[in-house]
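Below is one structure, written out as structure tokens; comments come after it.
Computed from the coordinates by the stated procedures, all read-outs in this text should not be read as laboratory data. Keep in mind that what you see is a predicted model, and the values were worked out from it rather than measured. All Cβ positions, glycine included, derive from the backbone under ideal geometry; neighbour counts span all protein chains shown.
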């Protein structure tokens with residue numbers, strides 16, 4: 001599993017979002033993420049692809065993560 005980060009722009013505003021990507025390699029995940037950004041650029045919000053990382057447990061806040069932070 002991979003996770004892609006995108007920079008979104010709307011006027012003066014800028015923020016970041018992440019999306020999970022189903023792919024068998026980093027290269028495939030990057031291609032899919034870039035294509036996703038292109039397809040999302042049909043509205044007023046500008047999507048810019050930033051990067052892809054391999055992720056085992058992305059976006060979870062669970063007991064394991066809380067335990068690591070409090071140690």
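Taken over region 52-71, the criterion of being exposed (fewer than 12 other Cβ atoms within 10 Å of the Cβ) and either within 11 Å of residue 4 (Cβ to Cβ) or touching a helix residue (DSSP H, G or I) at 6+ places or on another chain (Cβ under 9 Å) (or both) is satisfied by 57 alone.
Residues in region 1-37 that are over 19 Å from residue 53 (Cα atoms) and touching a strand residue (DSSP E or B) at 6+ places or on another chain (Cβ under 9 Å) were compared, and the one that is surrounded by the most Cβ atoms within 10 Å (Cβ to Cβ) is 9.
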